[in-house]
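Working notes, structure below.
The values are calculated or read from the model by the stated rules, or taken from the named source; none is laboratory data. Fair warning: this is a prediction, and the values are worked out from it, not measured in the lab. Here the Cβ positions follow ideal geometry from the backbone for every residue, glycine too, while neighbour counts run over all protein chains shown. Ligands, DNA and RNA are stripped out before the accessible areas are found, and what is left, the full protein with its side chains, is counted by its heavy atoms. Shrake-Rupley method; radii C 1.70, N 1.55, O 1.52, S 1.80 Å.
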Amino acid sequence: MKTKTLKKNKVNVVTLGCSKNIFDSEVMMAQLKANKFEVEHEAKQDDSEIVIINTCGFIDNAKQESIDTILRYADAKKEGQVDKVYVTGCLSERYRDELTEEIPEVDAFFGTRELPRLLKTLKADYKHELVGERLLTTPSHFSYFKIAEGCDRPCSFCAIPLMRGKHVSTPIEQLVSNAKSLASQGVKELMLIAQDLTYYGLDLYKKRNLAELVDRLSDVEGIEWIRMHYAFPSGFPMDVLDVMNNRSNVCNYLDMPLQHGSTNMLKAMRRGITREKTEELVDKIRNKVPDIALRTTLISGYPGETEADFQEMYDWVEKTRFDRLGIFTYSHEENTHAFNFTDDVPDQVKRERADAIMELQSGISYELNQKKIGQEFKVLFDRAEGDYFIGRTEFDSPEVDNEVLVKKADAYVRIGDFAKVKINSADHYDLYGTVID
């Protein structure tokens, strides 16, 4: 029996996982709105008739969060607080049969490319004229911008190809049109995302075409920052750095997950690159764009990782001095190549190694930030919090990178606006400054 009045045709979309899932939820929400549904993202009030959970299935922690969220809404359905629960996304793509059996309260499960089927289940139409349209869940001045789906890389630890399929690039003309639409809504920053940016265009144009895409996007009026996430090192298209140098609205920023600093581990991970080649690539990138901010992501505790392998990675991080760095502990994923190996590094050792890398990176970040004191930066302000306006330089992406804090008492800035800021002090991950323009 229902214990409360639910709003008919109101949909609450809950998103878990990465920015690519956020993008997918925004596309789904635009379709729902066009079909006369009242749609909200992660609604504060529990009065939605329908809940759609967009899940992540990347690593153990993400899978557990997704399962916990599904169970929470399954319980809410039993108690009459919601009428229908649907699950989509990566976890659903990968474990649909098991989830259907284990959580029968869910009305239906959908994969990562089944939006038309999900809409049909809701007695809604997939509107082809809305391709590229989204209801943004981010602040209105920036947007994640997916340029391709899927991945053709054979990395041994990664289940993404199992959940997202083969690499499929979105045509340049469509992306330019989408960017113009976003700019007309007030979006100033595009964050280019894909499972692998550097593969862009190989399927459509028979060549790596990221440089042409970025060049074309940089012509879109109103787009003041373009930044690139998730570039693969092997086969990296160096010509995109020429665009970065030639176009003032292409941020001197590159997110390139390198995964490890030991050739033994890189070979075992099937990354198609050695430590030496990685160092050579990083040097080339930095020589071509001297003030570029390089972000990377690493893995600790991959099967067979010895203390010597870890020490090699540690020494490499110390030497390379990445501007931004994150690290995951290895997650043993079914149906990946690495699942054939024994997960032989104890969890505690994985965590200790990850902590050691992050402690090292914290010191590097502090030293790099101290050098910014006295310098002036163009800052995009994302939000106000407590006594501060909080923004970012072109060297920082939302949520994962450093922030710039300006005291509200010292200046007023509008959220979504740029301002020039002089840095007065800095700690490990934040810069403190004064607006000067």
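Within the stretch 109-120, does at least one residue satisfy the condition of being open to solvent by 20 Å² or more (accessible area, probe 1.4 Å), modelled with pLDDT of 90 or more, more than 26 Å from G165 (Cα to Cα) and more than 19 Å from the chain's Cα centre (by Cα)?
First, the residues of the stretch 109-120 that are open to solvent by 20 Å² or more (accessible area, probe 1.4 Å): 112-117, 120.
Applying the additional criterion that residues be modelled with pLDDT of 90 or more yields 114-117, 120.
Applying the additional criterion that residues be more than 26 Å from G165 (Cα to Cα) yields none.
No - not one qualifying residue is present in the stretch 109-120.
Here is a check on your reading of the model: is P161 under 18 Å from the mean Cα position of the chain (by Cα), surrounded by fewer than 22 Cβ atoms within 10 Å (Cβ to Cβ) and not in a strand (DSSP E or B)?
Working: under 18 Å from the mean Cα position of the chain (by Cα): yes; surrounded by fewer than 22 Cβ atoms within 10 Å (Cβ to Cβ): yes; not in a strand (DSSP E or B): yes.
So P161 fits the description; yes.
Cβ-Cβ distance below 9 Å, separation of 6 or more or different chains: which pairs start in the stretch 156-175 with a residue that is at positive phi and end on one that is polar (S, T, N, Q)?
Going by the 9 Å Cβ cut-off, the qualifying pairs are G165/T112.
For F389, state whether it is at negative phi, assigned to a strand (DSSP E or B), open to solvent by 80 Å² or more (accessible area, probe 1.4 Å) and of a type in the set (A, V, I, L, M, F, W, C).
Details: at negative phi: yes; assigned to a strand (DSSP E or B): yes; open to solvent by 80 Å² or more (accessible area, probe 1.4 Å): no; of a type in the set (A, V, I, L, M, F, W, C): yes.
In short, no.
Across the stretch 401-412, what is the number of residues that are outside any strand (DSSP E or B) and either charged (D, E, K, R) or surrounded by fewer than 19 Cβ atoms within 10 Å (Cβ to Cβ) (or both)?
So the first thing to find is which residues in the stretch 401-412 are outside any strand (DSSP E or B), and the list is 401-402, 408-412.
Going one step further and asking which of them are either charged (D, E, K, R) or surrounded by fewer than 19 Cβ atoms within 10 Å (Cβ to Cβ) (or both), we end up with 401, 408-412.
The number of residues fulfilling the criteria is 6.
Give the number of residues within the stretch 180-211 that are more than 30 Å from C155 (Cα to Cα), buried (at least 22 other Cβ atoms within 10 Å of the Cβ) and touching a Phe, Trp or Tyr at 6+ places or on another chain (Cβ under 7 Å).
Keep residues of the stretch 180-211 that are more than 30 Å from C155 (Cα to Cα), which gives 180-189.
Then keep just the ones that are buried (at least 22 other Cβ atoms within 10 Å of the Cβ); that gives 182, 187, 189.
Restricting the remaining residues to those that are touching a Phe, Trp or Tyr at 6+ places or on another chain (Cβ under 7 Å) gives 187, 189.
Residues flagged as more than 30 Å from C155 (Cα to Cα), buried (at least 22 other Cβ atoms within 10 Å of the Cβ) and touching a Phe, Trp or Tyr at 6+ places or on another chain (Cβ under 7 Å) within the stretch 180-211 amount to 2.
Tell me which of these I223 doesn't satisfy, since it passes every other one: (1) in contact with a Phe, Trp or Tyr (Cβ under 6 Å, 6 or more places away or on another chain); (2) within 20 Å of V289 (Cβ to Cβ).
With respect to (1) in contact with a Phe, Trp or Tyr (Cβ under 6 Å, 6 or more places away or on another chain); (2) within 20 Å of V289 (Cβ to Cβ), I223 is out only on (1).
Where in the stretch 249-368 are there strands (runs of 3 or more DSSP E), lying wholly inside it, with at least 2 residues that are open to solvent by less than 10 Å² (accessible area, probe 1.4 Å)? So that I can check it myself, show each step before the final result.
Numbers: elements: 250-255, 293-300, 324-329.
Fully inside the stretch 249-368 and qualifying: 250-255, 293-300.
Sort out which residues of the stretch 413-437 are in a loop (DSSP other than H, G, I, E, B) and open to solvent by 20 Å² or more (accessible area, probe 1.4 Å), and write them in order of number. Before the answer, list the steps.
As a first pass, look at the stretch 413-437 and keep what is in a loop (DSSP other than H, G, I, E, B): 413-417, 427-429, 436-437.
The answer is R414, I415, D417, D427, H428, Y429, I436, D437.
Restrict the check to the stretch 123-134 and report whether at least one residue is within 30 Å of T342 (Cα to Cα), crowded, with 18+ Cβ neighbours inside 10 Å and either touching a Lys or Arg at 6+ places or on another chain (Cβ under 6 Å) or of a type in the set (D, E, K, R) (or both). Talk me through it step by step, then tell me what you get.
Step one: filter the stretch 123-134 for residues within 30 Å of T342 (Cα to Cα), giving none.
There is no residue in the stretch 123-134 that is within 30 Å of T342 (Cα to Cα), crowded, with 18+ Cβ neighbours inside 10 Å and either touching a Lys or Arg at 6+ places or on another chain (Cβ under 6 Å) or of a type in the set (D, E, K, R) (or both).
Return the only residue of E65, E102 being of a type outside the set (A, V, I, L, M) and in contact (Cβ under 8 Å) with a residue 12 or more places away in the chain.
On the way: E102 fails: in contact (Cβ under 8 Å) with a residue 12 or more places away in the chain.
Exactly one residue qualifies, and that residue is E65.
How many of the residues in the stretch 212-224 are surrounded by fewer than 21 Cβ atoms within 10 Å (Cβ to Cβ) and of a type outside the set (D, E)?
3
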